[in-house]
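The numbers here are math on the coordinates, done by the rules we state, and not lab data. As the structure is a computational prediction, the values presented were derived from the model and not from experiment. We place every Cβ from the backbone using ideal geometry, glycine too, and count neighbours over all the protein chains shown.
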């Protein structure tokens, strides 16, 4: 059972890094690709993240650090543009496992949920609104846009998840490893400038 979970994690990690898949779809496709029963026990996201780190160390150590730095720089630019909405960076770009195929996920904590959307309209930013599952499992609005990274020379998906201002406390609870699940503007700026936090 544990060896099957390890195989799934390794296969999913390859898809996350090489194809930019999110963890959930990568796990399900890994099960199919390995010919396992669809009801096979899946590794948790911590196991996938660990496998992603191992994959990056083995196969992408020469390119991933620069790609991650470029993504963090782009995330910082968007966080600065939307600073009034208390932005926090999450996901692979925050945790350090992102590659050029990764999207950027920024949580905004707004007094009025429509205010961020109005700000994008005022800045003449093209975006698509949709509903996604938030970090507490509840539906939240996401504003998805495309933004060009000069360093990478390509467009990157940026997803702005709109949360109520009061949700910020729950967003900062540390994970099982004691890590901050997301970082504010100062924390991301420190990462971009390579300063210890």
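Between residue 44 and residue 58, full extension at 0.36 nm per residue minus the direct alpha carbon distance yields a gain of 2.9 nm.
Quick one: 121, 8, 56, fewest Cβ neighbours within 10 Å first, how do they rank?
With the sparsest Cβ surroundings first, the list reads 121, 56, 8.
State whether segment 64-192 is rounded, prolate or oblate according to the following rule on the C-alpha gyration tensor (a ≥ b ≥ c being the square roots of its eigenvalues): a/c under 1.5 gives rounded; otherwise a/b larger than b/c gives prolate, and the remaining case gives oblate. Oblate shape, in that a/c is at least 1.5 and b/c is the bigger or equal ratio.
Taking a ≥ b ≥ c as the square roots of the eigenvalues of the alpha-carbon gyration tensor, segment 139-197 is classed oblate because a/c is 1.5 or more while a/b is no larger than b/c. In this rough spin-label picture, where each label sits 7 Å from Cα along the Cβ direction, the residue 138-residue 194 distance is 4.2 nm. Mean residue ellipticity, 222 nm, helices only, the chain: the sum of -39500 (n - 2.57) across DSSP H runs of n ≥ 4, divided by residue count and rounded to 500, is -13500 deg cm²/dmol. Averaging the Cα positions of each part gives two centres, and for segment 30-57 and segment 62-129 these lie 27 Å apart. Relative contact order of segment 2-59: 44 percent, from C-alpha pairs under 8 Å at least 6 residues apart in sequence. Here segment 57-92 is scanned for amide nitrogen atoms under 19 Å from the site 7 Å beyond the Cα of residue 130 along Cα-to-Cβ, giving 90-92. With neighbour counts taken as other beta-carbon atoms within 10 Å, the residues 131, 63 rank, fewest first, as 131, 63.
If I fit a long axis through the Cα atoms of helix 45-59 and take the longest principal axis of the Cα atoms of the chain, what angle between them do I get, 0 to 90°, rounded to 10? So the inclination is approximately 80 degrees.
Here segment 64-192 carries DSSP beta bridges of which approximately 75% are antiparallel, counting only pairs with both residues inside. Summarising the label geometry, the points placed 7 Å from Cα in the beta-carbon direction at residue 37 and residue 19 lie 2.4 nm from one another. For the chain, the longest principal axis of the C-alpha atoms and the axis of helix 23-33 are separated by about 30°. Quick check on segment 104-143: take the gyration tensor over C-alpha atoms, sort the square-rooted eigenvalues as a ≥ b ≥ c, and tell me if it's rounded (a/c under 1.5), prolate or oblate. Because a/c hits 1.5 or more and a/b exceeds b/c, segment 104-143 counts as prolate.
Inter-label distance, residue 166 to residue 151: 3.9 nm, where each label sits 7 Å from its Cα along the C-beta direction.
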